[in-house]
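Each remark here refers to the structure printed beneath this line.
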Amino acid sequence: MEITQLYTKCLAQGAYLIESNGEAAIIDPLRESQPYLDLLDEKKLSLKFIFETHFHADFVSGHVTLSKKTGAPIVYGPEAKPSFQSNIAYDGQTFQIGEVQLKVLHTPGHTLESSTYLLLDQHQQEIAIFTGDTLFLGDVGRPDLAQKAADMTQEDLAGMLYDSLRQKIMPLPDHIVVYPGHGAGSACGKNMMDETHDTLGNQKQVNYALRANMSKRQFIKEVTDGLLPPPGYFPLNVALNKNGYSDINEILIKSRKPLSVKEFEQIGRQEGAVILDVRNKEEFVKSHIPQSIFIGLDGSFAPWVGSVLVDIQTPLLLVAQENQIEEAIIRLARVGFDNVLGYLSGGINEWSKGRELARINLISPNEIAEDATILDVRKKTEYQLNHLEGSKNIPLSNLVQQQKQLHKTGKYQIHCATGYRSVIACSILQKFGFQNINNIEGGFEGILQNATHMFNKAN
């Protein structure tokens, strides 16, 4: 028996391969199926089952395509109602993979169909649990994503989650290993640990939600307190996971279309497309196409695309280095953004031969002016922990909606933690017509390290 964790840092997402005696199961695969097919081929494994812990909101799973290509059935826990052929398991049902078994533990709360899979070895000993978004390391799944569809409140779902944890998971032996669906950086929880697996016994010690003496009322209050609104693209990804989606290879063929400068401009006008620049922030700051949005591949690309653009049907035109095109299309498809109309052939160099370029003005922390509004685009929780006195906080995920609170003629000096999000913010404000904006180099970390004269302004 062997467990392989397939962790994708950009999405902070864990998929899993369990193998025994030449048979395998995959849990929560990403949309692109080829890496899994290659791994199965390399290990000479026959895929017996594809398990889904729930209908994911933050990414498009690869269950449908992988099932078509391998013939392996898709398994969900109770209450799941997908529109495609699936095996809807009952609570306690077991599935044989070689000499081991996966046992379904229905653990509703994050969603109604959420299920945990318990791994049993050939001696029926509990080895590990694959918890999806029910239990994270240091946290639990947010209970507000399924409330509209289920006609329930987040407090109702949090109460169900409390029962699931205490009736199904906490009674399990301390030695078993917890393999969650997400880690730190995911929007599916509030405060996850950086580690990607841990023992259940340690989680009982360090995870606030597993305190032995915690009442249901306390649990509901703590789990729902401080929940930020979920990203707008989440329901759209749920729909794709429930109803099916196009093969990612078809998306690649359709989207990997080189466009001349003239074609790029023409299609952009005709389709009302968003120009998405995925190069690194330093390149974008120096020169970019006017009105383009920056979201760099070297950061949390896909989640920020979803949070900023929201509508997965948004037509996109890509600006990238040649070796970034396929990666950008795949990572967009992971969160359901399939409507890429093509990319600028020759990139920014080709555009610069006869077209106007824009740039973002940079200032050092020591150049922060008192007559400007300091705009902090970090999350609310980051801002509350420490910020510059007098600064205005609009989290990046809210900026498109809340930019109307700002004055287009005003002077803004923008920062995040280290500089990635603030460049995204500058590109958004430029697109909305703001002229007098400056990006503070190094973000808040740079301010604390360099702007010694401003330390007394930090709360």
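The values are calculated or read from the model by the stated rules, or taken from the named source; none is laboratory data. Note that the structure is a prediction, hence the values are computed from the model and not measured. Backbone-built Cβ (ideal geometry, glycine too); neighbour counts: all protein chains shown. Areas reflect the complete protein model, heavy atoms only, side chains present, ligands, DNA and RNA absent. Shrake-Rupley method; radii C 1.70, N 1.55, O 1.52, S 1.80 Å.
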**Study point:** Local electrostatic count at Val178 - Lys and Arg +1, Asp and Glu -1, tallied over other residues with Cβ under 11 Å
**Key:** -2
Point to revise | Under 26 Å between alpha carbons - lysine pairs in the range 27-154 that sit 8 or more apart or on different chains | key: 16
Practice item. Please list the radius of gyration and Dmax for the range 313-443, considering alpha-carbon atoms only, with Å as the unit. Key: 16.7, 47
Practice item. Return the ratio Rg/(2.2 N^0.38 Å) for the chain, where Rg is computed over Cα atoms only. Key: 1.04
Exercise for review: Read phi for every residue in the range 402-416 and hand back ³J(HN,Hα) as whole Hz from Karplus 6.51 cos²θ - 1.76 cosθ + 1.60, θ = phi - 60°, with x for Gly and Pro.
Suggested key: 9, 4, 5, 6, 9, 9, 5, 8, x, 9, 10, 10, 10, 8, 10
Review point. Is it possible to state the helix-based mean residue ellipticity at 222 nm for the chain, with each DSSP H run of 4+ residues giving -39500 (n - 2.57), the sum divided by total residues, to the nearest 500 deg cm²/dmol? What is it?
Key: -8000 deg cm²/dmol
Revision key, fill the gap. Rounded to whole angstroms and listed largest first, the alpha-carbon spread of the range 159-317 along its three principal axes comes to 66, 38, 29
Exercise for review: Could you work out the local net charge near Tyr420, counting Lys and Arg as +1, Asp and Glu as -1, over the other residues with Cβ closer than 10 Å to its Cβ?
Suggested key: +1
Practice item. Assign one of three labels to the range 245-299, namely rounded, prolate or oblate, based on the Cα gyration tensor with a ≥ b ≥ c the square roots of its eigenvalues; rounded applies when a/c is under 1.5, prolate when it is not and a/b is larger than b/c, and oblate otherwise. Key: oblate
Practice item. Across the range 205-348, how many lysine pairs, 8 or more positions apart or on different chains, have C-alpha atoms separated by under 27 Å? Please give the number. Key: 6
**Study point:** 5 angstrom amide H check on Ala128, placed H, neighbours 5+ away
**Key:** Leu119, Val177
Exercise for review: Once you have a ≥ b ≥ c as the square roots of the Cα gyration tensor eigenvalues for the range 49-103, tell me rounded if a/c is under 1.5, and otherwise prolate or oblate according to whether a/b is larger than b/c.
Suggested key: oblate
Review point. Which ³J(HN,Hα) values, rounded to whole Hz and listed in residue order, are derived for the range 174-181 from phi using the Karplus coefficients 6.51, -1.76 and 1.60 in 6.51 cos²θ - 1.76 cosθ + 1.60 with θ = phi - 60°, glycine and proline given as x?
Key: 5, 6, 5, 9, 9, 10, x, x
Point to revise | Å² per residue, accessible surface of the chain at 1.4 Å | key: 42 Å²
Point to revise | All lysines inside 22 Å of Lys392 as judged from Cα atoms, apart from same-chain residues fewer than 8 positions distant | key: Lys379, Lys380, Lys404, Lys408, Lys411, Lys431, Lys457
Study note, to complete from the structure: So the angle from the long Cα axis of helix 420-431 to the longest Cα principal axis of the chain, reported in degrees to the nearest 10, equals 50 degrees
Practice item. Give me the distance between the Cα centres of the range 246-263 and the range 104-155, rounded to whole Å. Key: 37 Å
Exercise for review: Starting from the amide H of Glu99, placed 1.01 Å from N in the peptide plane, find each other amide H under 5 Å away whose residue is 5 or more places distant or on another chain.
Suggested key: Asn21
